[in-house]
Each structure stands twice: as structure tokens, then as C-alpha cells.
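The values are calculated or read from the model by the stated rules, or taken from the named source; none is laboratory data. All figures in this text were calculated on a predicted structure; none of them were measured in a lab. Cβ sites come from the backbone with ideal geometry, for glycine too, and all protein chains shown count toward neighbours. Surface accessibility is based on the protein's heavy atoms, side chains included, excluding ligands, DNA and RNA. Shrake-Rupley method; radii C 1.70, N 1.55, O 1.52, S 1.80 Å.
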Amino acid sequence: MTDMPIGEVSRRSQVKVPTIRYYEQIGLLPAPPRSEGNRRLYGARDLRRLSFIRHARDLGFEIDAIRTLLTLQDNPSLPCAEADSIARDKLAEVNARIESLMALKEELEAMVGGCGHRCVGECRVIEVLADHHKCLHAEH
């Protein structure tokens, strides 16, 4: 699994070709050696690194966090406290988003549940959207 062209490494890693080039530009992926025809040639290590990056992106990690995590991965003797801290921060962010979405869900359920389905002049959805003070979670 060495000397793979960019299309092959893209297919195997499930990372699009322009994204691979971008990761090279910003230093997440080292520039690969080139063939005599100037084609990029990737190896198994590049494929593992791209898979790591893709998985981290799928989990919502930002580029700077991924850069740090890659540095830690490249230095396996370092303590993992920083990696743990990055994951804990992401978990806190996800929990805050879940809380916000649950509040949004409650609000929408109340709006929809309060609608009598008669006419727009009596529509709870329109009424609440027109006056934020009528929201369940409005700051008064």
C-alpha cells in the first residue's frame, strides 16, 4: 500500500481530493513525494493520517484541535492529558448544543401544540413568532 495516487488515497480514506490538497497546504498532511511525472504518491502512513483527520472532523473537532491531536499521535510517549482535555471540551460543547436543541424542541412543540388550526389570525405559531415575549424560554 505504497505509492498510491491522490485519487486512490481519496477513495480509500473517503476524503475528497481538494480536501487532501487543503490538508497539505495547512500542514495537517505532509507533502508527499512525487513521481517522475510530478504526481503525488501517498503511502499507508498518509492513508492512516487522513482517516484520523476524517474521523476527527466527523466528530466535529476543529482544525486546530486536530493539529494538536496529530502532534500528540506523532509523539506517543507524551502524556495524554491534552488529548483528554480536547475531548472533554468537545463533549461540553456537544452537551451545550444538545441543551439548546432541547429548548428549541420544547418551544416548537409548544407553538405547534398551541395552534388551533383555524385561521392565521388565531394561529399560535404566528403569534409567538411575532412576539418573542410569548416564547416559553423568553427572557423577560
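State yes or no: is residue 92 modelled with pLDDT of 95 or more and over 23 Å from residue 11 (Cβ atoms)? Considered against the rule, which asks whether it is modelled with pLDDT of 95 or more and over 23 Å from residue 11 (Cβ atoms), residue 92 comes out as yes.
Pairing each residue of region 50-62 that is under 15 Å from residue 17 (Cβ atoms) with any residue that is outside any helix (DSSP H, G or I) and polar (S, T, N, Q), provided the two are 6+ apart or on different chains, yields C-beta distances under 8 Å for 54/14. Candidates are the residues of region 1-14 that are in a helix (DSSP H, G or I) and not β-branched (Val, Ile, Thr); the one that is least open to solvent (accessible area, probe 1.4 Å) is 13. Among residues of region 85-99 that are under 17 Å from residue 58 (Cβ atoms), those with a Cβ under 9 angstrom from a residue that is of a type in the set (Phe, Trp, Tyr) and outside any helix (DSSP H, G or I), sequence gap 6+ or separate chain, pair up as 86/61; 87/61; 90/61. Given the criteria open to solvent by less than 60 Å² (accessible area, probe 1.4 Å) and on the phi < 0 side of the Ramachandran plot, does residue 98 qualify? No.
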